[in-house]
Amino acid sequence: MKYFYKDIELDVPDSVYYPKEDSELLIEVIQKIDIKGKNILEIGCGSGLLSIIMARKGAKVTATDINPDAIEAAEINAEKNGANILVLLSNMFENVTGKFDLVVFNPPYLPIGEDEGDITYSGGSSGREIIELFVSHVKNYLNKNGVVLMVISSLTGEKEVIDLFKEIGMNAKSVARKKVSWEELVVIGAN
């Protein structure tokens with residue numbers, strides 16, 4: 001299936017998360033910050049939309065996904081859209097080395113089990129299972145003044161996610177919000 005954002009055209013296989021309002025809210029936040037020359041990691045890159053935008057803004061981008069179809073799509077889409085991105089097949093941080101100025105993540109965050117729906121949406125029964133795993137490791141991959149940007153749903157528990165960052169000694173707060181039909185999307189910024 002095709003996806004269009006401004007002058008970017010993506011091919012998104014059926015097995016890969018199709019960019020929606022959550023991706024677009026993250027884009028709004030990314031567009032407001034200076035990332036030129038920054039070393040950026042995107043976990044769960046899907047079809048590559050966010051990584052392409054960040055690379056085209058002058059960032060050095062490493063993009064990962066657990067889904068081989070996503071990796072192939074991100075590589076093809078990056079080349080087609082003139083973005084230089086290192087794309088890695090990786091379960092979260094498994095194959096990632098180095099430290100980053102910014103780590104971006106659009107996780108599966110809905111409180112449903114994998115057996116109830118698509119794994120690209122399912123964050124387990126609390127909506128935070130994947131997020132908890134991410135937060136427990138992300139600090140090891142951040143430069144001294146590194147920042148995390150992650151989108152969640154109001155159904156995921158904003159306070160609980162902020163508390164996860166606080167537990168590992170990071171400051172976290174919501175930096176953007178958008179109301180959609182049955183939930184509110186929230187971008188959490190942490191450093």
Output for the stretch 167-190, where each listed residue is assigned to a loop (DSSP other than H, G, I, E, B) and surrounded by 15 or more Cβ atoms within 10 Å (Cβ to Cβ): Met170
In the stretch 119-171, residue modelled with the lowest pLDDT [restricted to those that are among the charged types (D, E, K, R) and touching a Gly at 6+ places or on another chain (Cβ under 7 Å)]: Arg128
All positions within the stretch 155-166 that are on the phi > 0 side of the Ramachandran plot and exposed (fewer than 13 other Cβ atoms within 10 Å of the Cβ): none
Within the stretch 1-40, tally of residues that are over 19 Å from Glu79 (Cα atoms), touching a Gly at 6+ places or on another chain (Cβ under 9 Å) and of a type in the set (A, V, I, L, M, F, W, C): 2
Looking only at the stretch 139-182, and only at residues there that are without any contact (Cβ under 8 Å) to a residue 40 or more places away in the chain and hydrophobic (A, V, I, L, M, F, W, C), the one that is farthest from Val103 (Cα to Cα): Trp182
Test: residue in the stretch 21-34 that is touching a residue at least 24 places away in the same chain (Cβ under 8 Å), among the small types (Gly, Ala, Ser) and in contact with a strand residue (DSSP E or B) (Cβ under 6 Å, 6 or more places away or on another chain): no
Extreme residue, surrounded by the most Cβ atoms within 10 Å (Cβ to Cβ), among residues of the stretch 1-39 that are of a type in the set (Val, Ile, Thr) and over 20 Å from Ser154 (Cβ atoms): Val16
Within the stretch 12-25, considering residues that are in contact with a helix residue (DSSP H, G or I) (Cβ under 6 Å, 6 or more places away or on another chain) and of a type outside the set (Ser, Thr, Tyr), the one nearest to Glu183 (Cα to Cα): Pro19
Test: Glu42 is surrounded by 22 or more Cβ atoms within 10 Å (Cβ to Cβ), out of contact with any Asp or Glu (no Cβ under 8 Å at 6 or more places or on another chain) and of a type in the set (D, E, K, R): yes
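The values are calculated or read from the model by the stated rules, or taken from the named source; none is laboratory data. No experiment lies behind these values; they were computed from the predicted model shown. Note: ideal-geometry Cβ built from the backbone for every residue, glycine included; neighbour counts use all protein chains shown.
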